Amino acid sequence: MRSGGRYDMIIALLVFLFLGLIVAVAPGLLVGYAFVAVSGKLSFMARVPLLVALAMGTAALWLGLGEPASVLLPLAMLVSFLATLASGATFLGLEARKRRAPRYPAPAWQSW
């Protein structure tokens, strides 16, 4: 009997878990980025609640794709929700940093 068969199964399990994580995270990342790209004319205070509502909507879409009694369904919903929030918040922060003017002008170098 070959002793490496057990490790092959563990590696296969880890590969499938990694692929499942990618499937759960990728749509959330894309939706978060697309929301920030499309909602540029709204104020920041309007965009944050809309981003949270959009993240809840992307998490709720998993209810239609999986069985409600599935053990991994809440995990997929949580991962999708957090990925959408993280992506949207990251790009909102980057956009806000670009729009913000520097508080202090850059010092001019003195030529001594």
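Tabulated values for the structure
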quantity	calculated
Of (1) 21, 19, 11; (2) 41, 24, 8; (3) 24, 16, 11, the label for semi-axes √(5λ) of the Cα gyration tensor in Å derived from the coordinates	(2)
Label-to-label distance, nm, for residues given as Leu63 and Met9 (7 Å Cα→Cβ offset)	3.6
Difference of contour (0.36 nm per residue) and Cα-Cα distance, Trp109 to Ala96	1.8 nm
Solvent-accessible surface ranking, highest first, for Leu30, Leu19, Leu51 at 1.4 angstrom	Leu30, Leu19, Leu51
Listed residues Ser43, Ser87 arranged by accessible area, highest first, probe 1.4 Å	Ser43, Ser87
Carbon/sulfur fraction of accessible area - the chain, other protein chains in place, 1.4 Å, %	75
Heavy-atom accessible area per residue - the stretch 3-112, 1.4 Å, Å²	78
Between helix 73-99 and the chain: long-axis angle, C-alpha atoms, 0 to 90°, nearest 10	20
Crossing angle, helix 5-38 versus the chain [Cα axis fit, 0-90 degrees, rounded to tens]	30
In the stretch 31-112, trypsin sites (Lys or Arg not before Pro) in a DSSP loop with at most 13 other beta-carbon atoms within 10 Å	Lys41, Arg100, Arg103
Sequence-separation-based contact order of the chain, relative, with Cα cut under 8 Å and 6+ spacing, percent	36
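The values are calculated or read from the model by the stated rules, or taken from the named source; none is laboratory data. If you're wondering where the values come from, they're calculated on a predicted model, not measured in any experiment. Backbone-built Cβ (ideal geometry, glycine too); neighbour counts: all protein chains shown. We work out accessible area using only protein heavy atoms, side chains counted, and drop any ligands, DNA or RNA first. Shrake-Rupley method; radii C 1.70, N 1.55, O 1.52, S 1.80 Å.
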